[in-house]
1. In segment 165-179, is there at least one residue being buried (at least 19 other Cβ atoms within 10 Å of the Cβ), touching a Phe, Trp or Tyr at 6+ places or on another chain (Cβ under 8 Å) and aromatic (Phe, Trp, Tyr)?
2. Here's a check for you: in segment 302-315, which residue that is part of a loop (DSSP other than H, G, I, E, B), touching a residue at least 60 places away in the same chain (Cβ under 8 Å) and not aliphatic (A, V, I, L, M) is nearest to residue 95 (Cα to Cα)?
3. Would you please name the residue that is farthest from residue 292 (Cα to Cα), looking only at residues in segment 223-242 that are β-branched (Val, Ile, Thr) and surrounded by fewer than 23 Cβ atoms within 10 Å (Cβ to Cβ)?
4. Looking for whichever is under 26 Å from residue 152 (Cβ atoms), among the hydrophobic types (A, V, I, L, M, F, W, C) and out of contact with any His (no Cβ under 8 Å at 6 or more places or on another chain) here; the options are 80, 122, 41. Which one fits?
5. Consider residue 288 carefully, then state whether it is under 22 Å from residue 93 (Cβ atoms), without any contact (Cβ under 8 Å) to a residue 40 or more places away in the chain, of a type outside the set (D, E, K, R) and open to solvent by less than 50 Å² (accessible area, probe 1.4 Å).
6. Return the total of residues in segment 56-85 being hydroxyl-bearing (Ser, Thr, Tyr) and within 20 Å of the chain's Cα centre (by Cα).
7. Going through 337, 301, 245 one at a time, which residue ends up being surrounded by 15 or more Cβ atoms within 10 Å (Cβ to Cβ) and within 16 Å of the chain's Cα centre (by Cα)?
8. So, restricting to strands (runs of 3 or more DSSP E) that lie completely within segment 213-286, which ones have at least 2 residues that are over 24 Å from residue 47 (Cβ atoms)?
Amino acid sequence: ARMETKLVEMWEKIQSLEDLSRRINQRMKELEKLYGRASELPIYPIIIGHTPHQTGILRVALAQTLIPKQQDFNTSDPCLNRLAYRSVHRNHLSTVCSLILSQSKAQHAAEGGHTEDKPAALADLIVLPELSVHPDDVWILKRLSDTTKAMIFFGLTPIEQTGGDIVNTACWLIPDRRPTGRSWVIRKQGKGHPTDAEKKCEIVAWRPYQVVIELPKLEGSERGYRITGAICYDATDLKLATDMKNVSDLFVIAAMNKDVSTFDNMVAALQFLMYQHVVLVNTGEFGGSTVQAPFLERHEKVVTHLHGGGQVGVSIFDIDVTDFGPGANFAESSRKKKTPPANFSRFK
């Protein structure tokens, strides 16, 4: 795995304080190049050893959960810790995870199942909505990841930080598999722009950095496919989109938003302005989860769209990482793409 090799090589080369100092300075220069100057955010790339579903193909599963609903949050219990509600919330998450697993297995079996040329992974990336998972129930997602082999991006219910601040965060759950066993890489992505309803529950802004997940690079590419995420209202921050346009290859949004039409239009704009796949997963209370990419033809631009509110839903689709990833400047594609937007340099 690339992560394991990189870490070993990195530390093998450090034999003195001078070596460590040079490595730190090198890292600082790398981060300086990626710094988000418009949003004033440090951008932290995390290189992982995750193997895609197929060579160059990323299998993605998005899931609309129906619980919690907006009315479940209140000023007396903004973190949804009340015991009577916890069992309902946990059972719903377990049921949705079972649905994701069943549908992934059905899709995998219909395609011929595991062969020598196709990995046994049922999915590469699973995405759940904003505020959909209580911190005490993350173990359920770990079991789902163990079975599907996928990394998971999901919204946590509000958490209280050291010092008392309550914040809204999403979480990257990434399995790190090595000969010695499986461990977890967990990184939080904060929300920098709480809504008025969140402010009433004393949820404060917290987005000190932007996480970018980088997959192993394909042959002929200078870097791996990069995925970044945002929570709902943060996705409307055009400064963030400006910074990510030339950094990420896939933009994932975890949402709990009733203004479905506005967010539909936002995704339609971002997929072109950022020139990459944009995945929006909304809660099942409102629906409207959608995936779009800057292909020329309308029927190819909209990859999937779950319509209607009040519905649990799962959608599984594939992303060719060479369509808008680091290999896009030399890869041939059967689908015509739109001309990149102005000031676009991600493929250079």
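The values are calculated or read from the model by the stated rules, or taken from the named source; none is laboratory data. As the structure is a computational prediction, the values presented were derived from the model and not from experiment. Reconstructed Cβ throughout: ideal geometry from the backbone, glycine too, with neighbour counts over all protein chains shown. Remember, those area values only see protein heavy atoms, side chains included, never the ligands or the DNA or RNA. Shrake-Rupley method; radii C 1.70, N 1.55, O 1.52, S 1.80 Å.
1. yes
2. Filtering segment 302-315 down to residues part of a loop (DSSP other than H, G, I, E, B) leaves 307-312.
With touching a residue at least 60 places away in the same chain (Cβ under 8 Å) added as a condition, the list becomes 310-312.
Subsequent filtering for residues that are not aliphatic (A, V, I, L, M) retains 310-311.
Details: 310: 16, 311: 13 Å.
Within segment 302-315, the match that is nearest to residue 95 (Cα to Cα) is 311.
3. Going residue by residue through segment 223-242, those that are β-branched (Val, Ile, Thr) are 227-228, 231, 236, 242.
So of that shortlist, the ones also surrounded by fewer than 23 Cβ atoms within 10 Å (Cβ to Cβ) come out as 236, 242.
Details: 236: 16, 242: 18 Å.
Ranking the qualifying residues of segment 223-242, first place goes to 242.
4. Values: 80 fails: out of contact with any His (no Cβ under 8 Å at 6 or more places or on another chain); 122 fails: out of contact with any His (no Cβ under 8 Å at 6 or more places or on another chain).
Just one listed residue meets the conditions, 41.
5. On the way: under 22 Å from residue 93 (Cβ atoms): yes; without any contact (Cβ under 8 Å) to a residue 40 or more places away in the chain: yes; of a type outside the set (D, E, K, R): yes; open to solvent by less than 50 Å² (accessible area, probe 1.4 Å): yes.
Yes: the conditions hold for residue 288.
6. Residues of segment 56-85 that are hydroxyl-bearing (Ser, Thr, Tyr), as a first pass: 65, 75-76, 85.
With the extra rule that they be within 20 Å of the chain's Cα centre (by Cα), the set shrinks to 65.
Number satisfying all stated conditions: 1.
7. Numbers: 337 fails: within 16 Å of the chain's Cα centre (by Cα); 301 fails: within 16 Å of the chain's Cα centre (by Cα).
Of the residues listed, the single one that is surrounded by 15 or more Cβ atoms within 10 Å (Cβ to Cβ) and within 16 Å of the chain's Cα centre (by Cα) is 245.
8. Values: elements: 226-231, 250-254, 277-281.
Here the list reads 277-281.
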